[in-house]
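Enquirer: First, the structure itself, so that you have it in front of you.
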């Protein structure tokens, strides 16, 4: 017979029971309650340890000492169990609460393995409380209902992303990682990385994207008018093959300079208009200095570079935040429009003809809470519509409170590693209906690589030890002390070498 962990006490409900115990179970441990012909699965979500004799009314340490001499380490465990469902009835919540006094016993390993073994699954790791139980999640539901990987810095986000990506590549999936720190250029167990330069063909750019890079402000209507006309003329030249290797930005500048000098006519242009044209020309110069490597009319459609069975890395480590936002919005916008057309017309000649899973590192930058960006707009669109068109989304962040709440709330699956900041915890709890108050309280106590896994991809919430990826180089902190020490040693070696060179030449040092 299984060991009895404890018994239900007080009033019980359909979703939660309190228990008392003399044993010490673990938070996150799965338990079983058998009553009314049911075998009900539960999860221990909170515990406190107390003593009847040593209570809050004692203020003298010597009194506590004497009580301990008489009673020893006599204590009790009080906790709560969250009801997860009837194991025999597809984890449906029972319609009657457990009677007070009901035994609480450990859940059997067989029952747990059946719950976590799934078809088309992705293995994340093992249960913290039962390391011999492998935790697998439903890959279809993770893809279609989106995912958020959230944690404070250094808690294991990059490792978790690598495990998820490797699991998708096992099924020959297409993953696109918007790599903000150039850290994922590794070979995965089930596939290779493919580095994609952050280059955009202007023919596929929207006007708002290039306007953002040129820093044309919202209220500058005259500047926007001249910029728009130059943009249209440059697009027409490139489409007609008349650019003569001048480049998109150079062609735009030529039209603007022609209007400014009077060599070209612009209808309705006056003195104020000429002044605004000069301002636009200056901004075009800034655009050319900053982003000439990004805007490339010979780059082709970036979607055609995405390969199945590979981790396609869009390297954003070399660009600033404004460019990163534009590149992300550009790819997401084109992918959504492409896949709508692909599924409607069944056209296999399009640049993209398969589902894609997008991983957004630093999601709080790309989809910020308090400011509008193009990337935020399209992340939100993909979050709402993507599942219907074969586009999945994974938002990764160490600052959940800074992510757009509408986008985050669309992530119906979450892997939450250690989170200490109360505002981050509250923001995540608001976004996820599956995250209880008691589970939130466990987030600061998680060790590196441990996570709360919940959502539609998992039939029940789980505390998981995420598997360690074989490539450990990414996401690691710099070993600062060693770098300082090595720099000092290298400097000393260089000094000694120069000294010996001078001595060997017969000189004085």
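Throughout, read-outs are computed from the coordinates displayed, never taken from laboratory work. Since the structure is predicted, the reported quantities are computational estimates derived from the model, not experimental observations. Every residue, glycine among them, receives a Cβ derived from its backbone with ideal geometry; neighbour counts consider all protein chains shown.
Enquirer: Over region 409-464, how many percent of alpha carbon pairs lie in each 10 Å bin up to the one with the longest distance?
Expert: Distribution as computed: 26, 61, 13 percent.
Enquirer: Kindly give the semi-axes, whole Å and largest first, of the ellipsoid equivalent to region 124-262, taking each as the square root of 5 times a Cα gyration tensor eigenvalue.
Expert: Numbers: eigenvalues 452, 61, 34 Å².
In descending order the semi-axes read 48, 17, 13 Å.
Enquirer: For the Cα atoms of the chain, what angle does the longest principal axis make with the long axis of helix 271-291, in degrees from 0 to 90, nearest 10?
Expert: Its long axis makes an angle of about 60 degrees.
Enquirer: If you don't mind, there's one more thing I want to ask. With the contact rule set at Cα under 8 Å and sequence spacing of 6 or more, what percent relative contact order holds for the chain?
Expert: Working: 915 pairs, mean separation 93.7, N = 509.
With pairs under 8 Å counted, the relative contact order is 18 percent.
Enquirer: For 250, 235, which order do you get if you count the other beta carbons within 10 Å of each Cβ and list the fewest first? Mind dumping the intermediate values first?
Expert: On the way: 250 15, 235 19.
Lowest to highest Cβ neighbour count: 250, 235.
Enquirer: Another question, then. Rank-order 11-17, 55-61 by packing density, defined as the average count of other C-beta atoms within 10 Å over each peptide's residues, highest first. Could you put the intermediate results ahead of the total?
Expert: Details: 11-17: 15.7, 55-61: 7.7.
Answer by packing, highest mean first, reads 11-17, 55-61.
Enquirer: By average Cβ neighbour count within 10 Å, what is the ranking of 416-423, 372-379 from highest down?
Expert: On the way: 416-423: 18.8, 372-379: 21.0.
The peptides rank, most packed first, as 372-379, 416-423.
Enquirer: Another one. From the P(r) of region 23-114, could you give the percentage of C-alpha pairs in the tail past 22 Å?
Expert: On the way: 1819 of 4186 pairs.
Roughly 43 percent, once rounded to a whole number.
Enquirer: Using the Kirkwood formula over every pair of different C-alpha atoms, what hydrodynamic radius in Å results for the chain?
Expert: On the way: mean 1/r = 0.0371 Å⁻¹.
Computed over Cα pairs of the chain, the Kirkwood hydrodynamic radius comes out at 27.0 Å.
Enquirer: Given q = 0.10 Å⁻¹, what are the Debye log10 I(q)/I(0) values for region 202-291, with equal point scatterers placed on the Cα positions and solvent ignored?
Expert: Debye output, listed in q order: -0.22.
Enquirer: Still on this structure, please answer the following. Give the Rg (one decimal place) followed by the Dmax (whole number) of region 305-402, computed from C-alpha coordinates and expressed in Å.
Expert: 13.7, 42
Enquirer: While we're looking at this one, here's another question. How far is helix 374-385 tilted off the main Cα axis of the chain, in degrees rounded to 10, range 0 to 90?
Expert: Approximately 50 degrees, to the nearest ten.
Enquirer: A follow-up question, please. How much length, in nm to one decimal, is gained on full extension between residue 409 and residue 488, taken as 0.36 nm per residue of separation minus their Cα-Cα distance? Display every interim value, and only then the final one.
Expert: Numbers: separation 79, 0.36 × 79 = 28.44 nm, distance 4.99 nm.
This chain segment gains 23.5 nm when fully extended.
Enquirer: While we're looking at this one, here's another question. Going by how many other Cβ atoms sit within 10 Å of their own, how do 484, 228 line up, fewest first? Could the numbers behind the result be given before it?
Expert: Details: 484 10, 228 14.
Exposure proxy ranking, most exposed first: 484, 228.
Enquirer: Give me the distance between the Cα centres of region 307-367 and region 96-153, rounded to whole Å.
Expert: 31 Å
Enquirer: Within the chain, what percent of beta bridges assigned by DSSP are antiparallel, to the nearest 5? Kindly include the intermediate steps, with their values, before the conclusion.
Expert: On the way: 48 of 76 bridges.
Percent antiparallel among DSSP bridges in the chain is about 65.
Enquirer: So what's the projected area for region 87-188, the Cα convex hull averaged over all directions, in nm²? Could the numbers behind the result be given before it?
Expert: On the way: hull surface 39.0 nm².
Answer in nm², one decimal: 9.8.
Enquirer: Same structure again: Considering the zone a paramagnetic label at residue 292 would reach in this model (a point 7 Å from Cα along the Cα-to-Cβ line), which residues of region 183-220 have amide N under 20 Å from it?
Expert: The answer is 197-203, 210-216, whose backbone nitrogens lie closer than 20 Å to the label point.
Enquirer: Peptides 143-156, 100-113: what's the order by average Cβ count within 10 Å, highest mean first? Walk me through the intermediate numbers first.
Expert: Working: 143-156: 23.1, 100-113: 16.6.
So the peptides 143-156, 100-113, ranked by packing, come out 143-156, 100-113.
Enquirer: Kindly express, to the nearest 10 degrees and within the range 0 to 90, the angle between helix 422-431's C-alpha long axis and the longest C-alpha principal axis of the chain.
Expert: Taking the Cα atoms of the chain, the angle to 422-431 is about 90 degrees.
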